[in-house]
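In what follows, a structure is listed as structure tokens, so that the remarks can point back to it.
Please treat every number below as a calculation from the coordinates, not as lab data. Since we're looking at a predicted model, the values are computed, not measured. Note: ideal-geometry Cβ built from the backbone for every residue, glycine included; neighbour counts use all protein chains shown.
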Amino acid sequence: MYRHLLFALNPAICGLSPSPDLPAAPPSALLLLHTFCPPKLAVLPLSARSISTTGGLLRRTDMEKWIHQIEEWIHQQPIEQLYVAFAVLVFTFVFFGLFRILRRSKSNTIVLAGLSGSGKTVLFYQLRDGSPHLGTVTSMEPNDGTFVLHSELEKKGKLNPVHLIDVPGHSRLRPKLDEFLPHVAGVIFVVDSLDFLPNCRAAAEYLYDVLTKAIIVKRRIPILILCNKADKVTAHSKEFIRKQLEKEIDKLRTSRSAISTADITSDYTLGVPGEAFSFSHCQNKVTVADASGLTGEISQVEQFIRELVRP
């Protein structure tokens, strides 16, 4: 630093001859010198003996003299000018600090949740490999992967990969969902539209627990209710499933306390008092779509993901 300040001007002014061992000052050092240092501080009356032949370091006495002159120069400046300089410095640190925080807050994590047998694992493989991987069994551990969506592999340009997590649907394994929620951009809640009615109550209870979690409400995490297996002739429509889930959740509001059993630190309630529950009453965005993991009809799933994780 000192070497650059000394040689920002002509070395001969300092009483020194140019040396090939000492590099020229970069433009930034030259700008700093002429902007903040008065002429009497830009050049110090140093002899050639003040410079080490190996590193070009200032002697201790010359360094102390230089620091003392800077302190005198600072005391001579108007106090308003120093306040402005300090304010600019603070603003710069705050700006870049917020910028880094906002960059970290943009998550690329999407979670697949839902009851066992709803087809979450098949959807995971379709999104990753473009294949349902027939013969998959009920997952006992989360499927976790970071990848570019299979449908986008042939697209040109750099694409943002998606971190997709398939959380097991067994009741004893559902608490694993809480481990991922602090980092998610969105949740895909998968419902089996073929065998929906026998599982309607259980699906509504699980969805109720998800919707009333404190972190879901506070962060307004978007949720997609995905009616899977829609390719089957006897599958229920997404409109029917939405209405049935709303009815069941409306019943749960009266049969349960306002505190979710899944997250007892939350005191969030669903819906509007005195009105029948609707997903439109939720503080976070809740949408309903249909898909078929088996046939690969997952365009609405990919659209939901790309709305949250930009390419």
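Using R0 = 45 Å, the C-beta based FRET efficiency linking Glu275 and Asp129 works out to 0.55. Taking a straight Cα-Cα cut-off under 23 Å and skipping sequence neighbours fewer than 8 places away in the same chain, the lysines within cross-link reach of Lys251 are Lys213, Lys238, Lys243, Lys285.
Taken along the Cα-to-beta-carbon direction at a fixed 7 Å, the label points for Lys232 and Arg310 span 4.0 nm.
Between the beta carbons of Ser171 and Val90, assuming R0 = 45 Å, the FRET efficiency works out to 0.30 to the nearest 0.05. Taking the Cβ of Phe277 as the center, what net charge do the other residues with Cβ under 13 Å away carry, scoring Lys and Arg +1 and Asp and Glu -1? Net charge around Phe277: +2.
Going highest first, how would you order 219-227, 270-278 by mean Cβ packing within 10 Å? Please report the intermediate quantities before stating the final value.
Details: 219-227: 21.2, 270-278: 13.1.
With the highest mean Cβ count within 10 Å placed first, the list reads 219-227, 270-278.
For region 147-228, applying the loop criterion from DSSP together with a ceiling of 16 other beta carbons within 10 Å to the GluC sites (Glu not before Pro) yields Glu154. Enumerate the residues in region 158-175 having an amide nitrogen under 19 Å from the point lying 7 Å beyond the Cα of Thr146 toward its Cβ. So the set is 158-167.
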